[in-house]
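**Student:** Next up is a structure, given as structure tokens.
The values are calculated or read from the model by the stated rules, or taken from the named source; none is laboratory data. Given the structure is predicted, the values throughout are model-derived calculations rather than measurements. Note: ideal-geometry Cβ built from the backbone for every residue, glycine included; neighbour counts use all protein chains shown. The accessibility values were calculated without ligands, DNA or RNA, using every heavy atom of the protein model including side chains. Shrake-Rupley method; radii C 1.70, N 1.55, O 1.52, S 1.80 Å.
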Amino acid sequence: MATTRDVARLAMVSAGTVSRVLNHSDNVDEALRERVRKAADQLGYRLPPRRNSAADVRSIGFLLSNAYLRNREDLMTPFWARILHGAEEEAARHAVALHYRTIGPDRAEVRRNLRSAGLDAVMLVGSATEDVLEAVLALDVPTALVDFTSQHHALPAVLSDGLDGGQVAVEHLLARGHRRIAFVGGPMSDPEAGIRSVPALQHRYLGYRIALAAAGVRLDPALVAACDLQPEGVTEATEALLERTDFTAMFCANDQTAVAAMRVLGRRGVRVPQDVSVIGFDDDLAAHSIPALTTMSVPKEAMGRLGVRRLLHAPDGPDEQPYTITLPVELVARDSVADRTEDSHAPRH
């Protein structure tokens with residue numbers, strides 16, 4: 001079966017241009033539009049139809065996918081559970097059934113699992129390869145993305161502001177005298193899995209870099225540790241940081257990573273926050289960690305609610321373009337960050 005990328009290759013244009021042409025967008029040159037249409041006709045490809053009425057949607061699939069966790073059967077964490085809770089509340093308000101499923105990275109398997117599900121619409125949550133996204137779009141139902149976006153398909157999306165959040169988190173550390181600030185997150189890329197980056201994590205990392213640059217602090221690659229965010233990967237990344245460089249603070253891609261990193265620091269006799277300050281992202285169980293974790297709070301329930309609303313209020317016409325909603329995040333200062341503005345000692349770990 002032909003895909004958007006197949007049409008793009010034949011027409012020698014981007015996949016986004018293919019989507020705009022087949023969605024009847026006005027902002028496409030006529031010669032280019034004709035070339036794309038001919039390529040699509042030659043391959044027998046048609047963009048999946050989109051329903052325009054909320055009355056058409058009586059069941060929504062909440063499909064959780066993490067492209068970089070290929071061997072995990074259950075991807076549910078407190079972060080995703082809060083998004084699911086918000087989606088369930090919004091769906092219930094409209095008497096719409098919400099069905100939760102975890103989907104893997106295999107395109108054929110996704111098609112088999114979803115073909116008989118009878119879904120009227122889909123929220124694709126987390127991160128997904130283009131192959132998985134193509135399989136979901138093949139369901140021919142309205143689709144919205146939550147916590148990530150697609151480089152090749154123009155689809156409605158709901159995000160949290162990881163870029164600004166990462167910047168605010170690092171600025172918080174910089175204002176307290178930290179200059180050797182490590183970043184633990186990732187993966188930044190995985191060519192074998194077809195992932196250029198995991199957008200939510202990449203945005204947080206870019207916020208880290210922007211904050212350092214704005215403060216005139218040189219980025220030290222030795223302070224950046226990519227991992228798969230699972231306990232084993234975090235342990236390995238944190239151990240490697242401790243072995244190769246000095247730092248007084250860590251910005252972690254999410255709270256689970258931060259808590260796992262603090263366990264490693266504790267085993268190595270490194271005190272938090274006296275020796276190393278730690279800040280996370282998401283605000284899941286951070287208040288219950290020891291010490292209580294400073295973090296960036298993400299409006300998770302709101303993301304779930306808005307994902308459902310995007311599906312229930314589809315575009316009024318074919319010329320209306322899908323758009324992305326980005327929700328702000330907020331710093332929650334707790335006990336895991338120490339002030340070092342008066343500290344004249346060398347960085348410790």
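**Student:** Put Lys38, Lys300 in order of accessible area, largest first, 1.4 Å probe: what do you get?
**Tutor:** Largest accessible area first, the residues go Lys38, Lys300.
**Student:** Scan around Asp161 for amide H atoms under 5 Å from its own, H built in the peptide plane at 1.01 Å from N, and keep only partners 5 or more places away or cross-chain.
**Tutor:** Distant-sequence amide H within range of Asp161: Leu327, Val329.
**Student:** Two-decimal Rg/Rh of segment 81-139 from alpha-carbon positions, Kirkwood Rh?
**Tutor:** Details: Rg = 12.2 Å, Rh = 12.4 Å.
That ratio equals 0.98.
**Student:** Counting only residues 5 or more places away or on other chains, whose amide H sits under 5 Å from the amide H of Thr102 once H atoms are built in the peptide plane?
**Tutor:** Leu64
**Student:** Now for a separate question. Enumerate the residues in segment 96-111 having an amide nitrogen under 19 Å from the point lying 7 Å beyond the Cα of Arg58 toward its Cβ.
**Tutor:** Hits in segment 96-111 for Arg58 at 19 Å: 96-100.
**Student:** Let me ask you something else. Of Asp255, Asp283, which has the most accessible area and how do the rest follow, probe 1.4 Å? Intermediate results must be reported in sequence, preceding the final value.
**Tutor:** Values: Asp255 5, Asp283 30 Å².
The ranking, largest first, comes out as Asp283, Asp255.
**Student:** Would you kindly derive the ³J(HN,Hα) couplings of segment 223-239 from the backbone phi angles with the Karplus curve 6.51 cos²θ - 1.76 cosθ + 1.60 (θ = phi - 60°), listing them in order in whole Hz, with x for Gly and Pro?
**Tutor:** 8, 9, 10, 7, 7, 8, 6, 8, x, 5, x, 5, 4, 4, 5, 5, 4
**Student:** When all alpha-carbon pairs of segment 210-349 are counted, what percent fall beyond 25 Å? Kindly include the intermediate steps, with their values, before the conclusion.
**Tutor:** Numbers: 3748 of 9730 pairs.
The share of Cα pairs beyond 25 Å in segment 210-349 comes to 39 percent.
**Student:** Using just the Cα positions, wrap segment 97-169 in a convex hull and report its mean projected area in square nanometres, one decimal place.
**Tutor:** Numbers: hull surface 22.8 nm².
The Cα convex hull of segment 97-169, projected and averaged over all directions, gives 5.7 nm².
**Student:** What relative contact order, as a whole-number percentage, does segment 203-349 give when Cα pairs under 8 Å and 6 or more residues apart are counted?
**Tutor:** On the way: 182 pairs, mean separation 33.6, N = 147.
Worked out over segment 203-349, it gives 23 percent.
**Student:** Quick one: accessible surface of Arg340, probe radius 1.4 Å, all protein chains present, in square angstrom to the nearest 10.
**Tutor:** In the full protein context, Arg340 sits at about 20 Å².
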